[in-house]
Amino acid sequence: MATYPMAKGLADEREGIISTYHHGMCSDELYNNFKRTEDMINREVQEVQFAADEINPGWGRSIWAEVAQHHRQIMARRQAEMMQANKRAEIERQVKLARNKQKNTQANSAQEAAKAERDAERAAAQLLKEEEASSKKATPTATKSGGKKKKKR
């Protein structure tokens with residue numbers, strides 16, 4: 001089962017690697033590594049087919065088609081799980097954003113209420129000062145006559 005993705009990848013890249021090598025666009029070392037890997041995978045495929053024929057005669061001809069189908073099912077399941085996980089993560093992110101927005105709104109409301117209370121206290125203090133100032137002006141204070149006191153005889 002683990003060999004299938006490598007075998008498929010090699011088969012998909014085979015034409016491109018050979019073309020690249022023949023045009024002198026990749027080194028002999030890279031091409032030889034590719035060929036050795038391809039030979040190793042081909043030997044393993046043959047071993048799997050032989051083992052499958054031993055278990056059930058004729059199975060060797062169809063085992064790779066079954067492996068390919070199973071691999072596609074696994075990949076589809078993984079993709080569905082990833083999509084589900086991404087969807088869950090997005091929902092969690094949106095919930096978190098909504099909670100933060102609600103907290104910020106509540107914090108802003110509390111800040112606005114505190115500011116309004118401070119403003120009201122300042123306005124009340126200012127009114128008290130103004131009232132005190134106007135009451136001082138309304139009641140005259142005793143003034144000195146500026147003259148000399150007469151002595152009593």
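The values are calculated or read from the model by the stated rules, or taken from the named source; none is laboratory data. Treat the numbers as computed from the prediction; the structure is a model and nothing was measured. Here the Cβ positions follow ideal geometry from the backbone for every residue, glycine too, while neighbour counts run over all protein chains shown. Calculation scope for accessible area: heavy atoms of the full protein, side chains included, ligands and nucleic acids excluded. Shrake-Rupley method; radii C 1.70, N 1.55, O 1.52, S 1.80 Å.
Under a point-charge model restricted to the Cβ atoms of Lys and Arg (+1) and Asp and Glu (-1), what is the dipole moment magnitude of the chain relative to its Cα centre, in debye to the nearest 20?
On the way: 29 positive and 22 negative charges, 850 e Å.
Using Cβ point charges on Lys, Arg, Asp and Glu, the chain gives about 4080 debye.
Given axes a ≥ b ≥ c from the Cα gyration tensor, I'd like to know whether the stretch 44-103 is rounded (a/c under 1.5), prolate (a/b larger than b/c) or oblate. Cα axes put the stretch 44-103 in the prolate bin.
Every Cα-Cα pair of the chain was included, and the share exceeding 24 Å stands at 73 percent. Shape analysis of the stretch 6-81 places it in the oblate category; the axes a ≥ b ≥ c from the Cα gyration tensor give an a/c of at least 1.5, with a/b not above b/c. Once the Cα-Cα distance is subtracted from the 0.36 nm per residue extended length, the residue 108 to residue 18 segment shows a gain of 25.7 nm. Per atom type, the stretch 1-120 shows carbon and sulfur on 54% of its accessible surface, probed at 1.4 Å.
Please give the per residue accessible area of the chain, computed with a probe of 1.4 Å over protein heavy atoms only, in Å². Could the numbers behind the result be given before it?
Values: 13460 Å² over 153 residues.
Normalised by residue count, the accessible surface of the chain is 88 Å².
Rounded to the nearest 0.05, what FRET efficiency do residue 26 and residue 73 give with R0 = 35 Å and r taken as the Cβ-Cβ distance? Could you check? All intermediate terms of the calculation are to be shown ahead of the outcome.
Working: r = 35 Å, r/R0 = 0.99.
Taking R0 as 35 Å, the efficiency between residue 26 and residue 73 is 0.50.
Using the Cβ-Cβ distance between residue 36 and residue 62 with R0 set to 30 Å, the FRET efficiency from 1/(1 + (r/R0)^6) comes to roughly 0.60.
For residue 87 and residue 122, what does the FRET efficiency come to when R0 = 41 Å and r is the distance between their Cβ atoms, rounded to the nearest 0.05? So, using R0 = 41 Å, E works out to roughly 0.20. Candidate membrane-span-like segments in the chain, meaning DSSP H helices with Cα atoms spread over at least 18 Å of their own axis and a Kyte-Doolittle mean of 0.0 or above, do not occur, with no membrane implied either way.
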